[in-house]
Amino acid sequence: MNTEKLLEVTGLTRVYREGSIETSVLRGIDFSLNAHEMTAVIGASGSGKSTLLHILGTLDAPTAGQVLFRGQDLFRLPQSALAVFRNRHLGFVYQFHHLLADFSAFENVAMPLLIAGTPRDEINERVTALLERVGLRDRMHHRSSELSGGERQRVAIARAIVNKPDLLLADEPTGNLDHKSAGSVFDLLLELREEAGSAMMIVTHDRELASRFERVLTMRDGVIQ
Ligand code: ADP
Ligand code: MG
């Protein structure tokens, strides 16, 4: 077993300010995650799950506290270094795919590799193989706006995993799908995660899905119980 520590989160807080009104959304989050480890995050709507994931994904910054990634304090990095870090080490799957509508499935999945400066032949090979893997061989050159909800989520998963991220973050990745396609998209996500060896943190409303994880963190009013 590899128990290398990947993520160490301490005293994480996030306060939103609007005029003179302050809302404490995260109120002191502490946990750690080992390399390759998986955990589900559950909790009532509004408990701060998305806020936590966005901070771990470096899409938002904490008001106080630390996120150490292999010992490195992420929020001490300059913005440019943080963008490189995100491209190399993180994958993110949102509830609403967040694909670029006017780009094809292929182009959406290729984007992280283009940003990383991967040679074009290798991009073609990897993206084609991955889109075949997620069952979209025949849809590869369709614009994402022409795809069904389940197909879009498959593309979003392929995009998140194409760089073999150390950490995969998924925020209710099947929350917007019907029961049947949610099940198959979820299975696909777990299979690809396994192959890539990424650690994963997944937010889900679905207790049945959460029960498939050894570790489940419950958020309540901005803290982990
Ligand atoms: P969850 O994902 O668990 O449903 P969120 O992290 O989305 O919860 O939100 C937690 C709380 O933070 C909610 O009360 C929400 O209204 C508030 N919140 C989220 N984003 C903002 C924002 N940009 N400004 C002010 N309040 C926010
Ligand atoms: Mg949320």
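The rows are residues; the columns are (1) modelled with pLDDT under 95; (2) touching a helix residue (DSSP H, G or I) at 6+ places or on another chain (Cβ under 7 Å).
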residue: Ser20; (1), (2): yes, no
residue: Gly28; (1), (2): no, no
residue: Ser45; (1), (2): yes, no
residue: Thr63; (1), (2): no, no
residue: Arg70; (1), (2): no, no
residue: Asp73; (1), (2): no, no
residue: Asn108; (1), (2): no, yes
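In the range 16-37, which residues are away from ligand 2 (no atom under 16 Å from the Cβ), in contact with a Gly (Cβ under 9 Å, 6 or more places away or on another chain) and aliphatic (A, V, I, L, M)? If the condition is that a residue be away from ligand 2 (no atom under 16 Å from the Cβ), in contact with a Gly (Cβ under 9 Å, 6 or more places away or on another chain) and aliphatic (A, V, I, L, M), then Ala35 is the only one that fits.
The residue that is surrounded by the most Cβ atoms within 10 Å (Cβ to Cβ), among those in the range 187-221 that are among the basic types (Lys, Arg) and farther than 17 Å from Gly135 by Cβ, is Arg212. Do we have Leu7 as among the aliphatic types (A, V, I, L, M) and either exposed (fewer than 15 other Cβ atoms within 10 Å of the Cβ) or more than 16 Å from ligand 2 (Cβ to nearest atom) (or both) here? Judged against the criteria, Leu7 is a match. Note on the range 32-65: residues that are under 13 Å from Gly222 (Cα atoms) and away from ligand 1 (no atom under 13 Å from the Cβ) total 0. A single entry from Arg70, Arg88, Arg27 fulfils the requirement of being touching a residue at least 60 places away in the same chain (Cβ under 8 Å) and surrounded by fewer than 14 Cβ atoms within 10 Å (Cβ to Cβ): Arg70. When the criteria are applied in full, Ser80 fails the requirement of being within 11 Å of ligand 1 (Cβ to nearest atom) and surrounded by fewer than 14 Cβ atoms within 10 Å (Cβ to Cβ). Assess whether Ala81 counts as being at pLDDT 95 or above and farther than 25 Å from Glu214 by Cβ. For Ala81, the condition - at pLDDT 95 or above and farther than 25 Å from Glu214 by Cβ - is met.
The listed residues are Gly48, Gly65, and the only one of them that is in contact with a Ser or Thr (Cβ under 6 Å, 6 or more places away or on another chain) and either open to solvent by less than 60 Å² (accessible area, probe 1.4 Å) or of a type in the set (D, E, K, R) (or both) turns out to be Gly65.
The values are calculated or read from the model by the stated rules, or taken from the named source; none is laboratory data. Values in this document were obtained by computation on a predicted structure and should not be read as measured data. We place every Cβ from the backbone using ideal geometry, glycine too, and count neighbours over all the protein chains shown. We work out accessible area using only protein heavy atoms, side chains counted, and drop any ligands, DNA or RNA first. Shrake-Rupley method; radii C 1.70, N 1.55, O 1.52, S 1.80 Å.
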